[in-house]
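All remarks here apply to the structure that follows.
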Amino acid sequence: MDRVEIAVLGYGTVGSGVVEVLNTNQEIINRRAGKDIHVKYVLDLRDFPGDPIQEKVVHQMDPILEDPDVKVVVEVMGGVEPSYSYVKKALLAGKSVATSNKELVARHGAELLKIAGENRVNFFYEASVGGGIPVIRPMFSCLTAEDIDEVSGILNGTTNYILSKMTFEGADFESVLKEAQEKGYAERNPEADVEGYDAGRKIAILSSMVCEKQVDFESVYMEGITKITREDILYAGKLNRAIKLLARSRMQDGVMYAMVAPFLVENDHPLYSVNGVFNAIFVHGNMLGDAMFYGKGAGKLPTASAVVADVVDAVKHLGINIRIRWSQEKMQVGEIKDFACRFLVRIPEDCLKKAQEAFGQTETVDAGVPGEIGLITGVMREEDFAEAAAKLPVINRIRLNG
Ligand code: HSE
């Protein structure tokens, strides 16, 4: 069997996972790739004395770029720089790239795909969204006959874990966040998880793939879970719903809205039962109807497995670019003020009459929280809701899914 050399940029959690996956499933992987995949270089700032890869460690990118035997570069360093520069140089040097780096893909995916096409190599990023869950390849391959009008995902394991614990154990936000950090689920900076930025990058990537244009991370409306309280969870239970942080790309009246926000998900929706650190991506297509992809959205080996699958695909297609349509043209995303949905709004009990006047058609929900009442509004534009809510001492409000 011919040998093909690869380089791994970054020997952190995912990088060491890539080496582990390649070693553990070596025979299967090589058989499927039709080549003996061999790690020639590991780029990292650190040395790893005693680790079997120690002999392969380099501290500069140049030896990798200059080595014609290296056909695939795995980028698992994270962050935009120097990842972007290294990946771009690798593609220009005729090497395919497999990455798990959502920040890089969300910001520069379209450009890197173009460069890959021009150089007859591949830029693959299956692990950048949903970790080990196959979703990127289904989007550009298996679902290619579909007109997709909705992608709604639970794309952040940390926040889903926190919300699940709050739901099932009545725990409060701060204590569960601390536990999630101790277990290593949360990002180094938990703000990226709890404020929805991590999910925002992932839905920017999926939205771009749906419309084949650039949906900037900055144009995704993002609201996290820091304001969700135990009382909100009581209301969700009363409504037979669960609060989920949904990352969503949805067509409404011909406009694409891309957002991350907590939603009250009804108990017959497939996303309702996605709990703990699991992720799921719900897709609706005009021919297919509903489909859902479910599994481990993070973690060393699930993420590394998806990266290695990209390496195998790249090895199987040396010299052939697999076209993924995602142009650099900016997509005009709808403004959140025009997005329409129903809301749960919690208000002091003595404001009920005024609230009913302000929100129009409503139904009430009593979750047994002393001194307050909940209202479910009809479908309202965000702007109209905000205008009505400004007249009242609103305790909290959460959007309803459906
Ligand atoms: N912090 C992320 C999560 C890791 O919780 O899902 C995977 O991107």
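The values are calculated or read from the model by the stated rules, or taken from the named source; none is laboratory data. Every value quoted in this text rests on a predicted model; they were computed, and no experiment measured them. FYI the Cβ positions are ideal-geometry reconstructions off the backbone, even for glycines, and counts take in every protein chain you see. Remember, those area values only see protein heavy atoms, side chains included, never the ligands or the DNA or RNA. Shrake-Rupley method; radii C 1.70, N 1.55, O 1.52, S 1.80 Å.
Tabulated values for the structure
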item: Within the accessible area of segment 336-401 (1.4 Å probe), percent carbon and sulfur; result: 50 percent
item: Distance-filtered residues of segment 52-85 - backbone nitrogen under 20 Å, label point 7 angstrom along K114 Cα→Cβ; result: 80-81, 83-85
item: Length released on extending from R3 to E335, taking residue separation times 0.36 nm less the Cα-Cα span; result: 114.4 nm
item: For a label point 7 Å along the Cα-to-beta-carbon line of A93, residues of segment 67-87 with backbone N under 16 Å; result: 67-77, 82-87
item: Lys pairs under 26 Å by Cα in segment 143-294, provided they are eight or more residues apart or on distinct chains; result: 17
item: Highest to lowest packing among 22-35, 158-171, 313-326, scored as the average C-beta count within 10 Å; result: 158-171, 313-326, 22-35
item: Spin-label zone in segment 120-156 - amide nitrogen under 18 Å from a point set 7 Å from the Cα of I28 along the C-beta vector; result: 127, 132-135
item: Reachable lysines, given that their alpha-carbon falls under 16 Å from the alpha-carbon of K353 and they are not under 8 places away in the same chain; result: K391
item: Pairwise FRET efficiency - C142 versus H38, Cβ, R0 = 30 Å, nearest 0.05; result: 0.50
item: Estimated [θ] at 222 nm from DSSP helical runs (n ≥ 4, -39500 (n - 2.57)) normalised by residues in the chain, nearest 500; result: -10000 deg cm²/dmol
item: Where segment 227-370 is the region considered: accessible area per residue in Å², 1.4 Å probe; result: 47 Å²
item: Förster radius 30 Å - calculated FRET efficiency between D172 and M287, Cβ distance, rounded to 0.05; result: 0.10
item: Percent RCO, i.e. relative contact order, over segment 336-401, from Cα pairs under 8 Å lying at least 6 residues apart; result: 51 percent
item: Integer Hz, Karplus 6.51/-1.76/1.60 couplings in order for segment 159-176, x for Gly and Pro; result: 5, 5, 5, 5, 5, 5, 5, 5, 6, 8, 10, x, 6, 9, 3, 4, 5, 6
item: Qualifying aspartates and glutamates (Cα of each under 16 Å from Cα of K35; at least 8 residues distant if same chain); result: D2, E5, E27, D69, D310, D313
item: 3J(HN,Hα) from dihedral phi, segment 265-276, Karplus parametrisation 6.51/-1.76/1.60, rounded to Hz, x for glycine, proline; result: 9, 5, 6, 9, 8, x, 6, 4, 8, 8, 10, x
item: Segment 194-284: trypsin sites (Lys or Arg not before Pro) in DSSP coil with no more than 11 other Cβ atoms inside 10 Å; result: none
item: Translational diffusion coefficient (Stokes-Einstein; Kirkwood radius from C-alpha pairs) of the chain at 37 °C, 0.692 mPa s, in µm²/s; result: 147 µm²/s
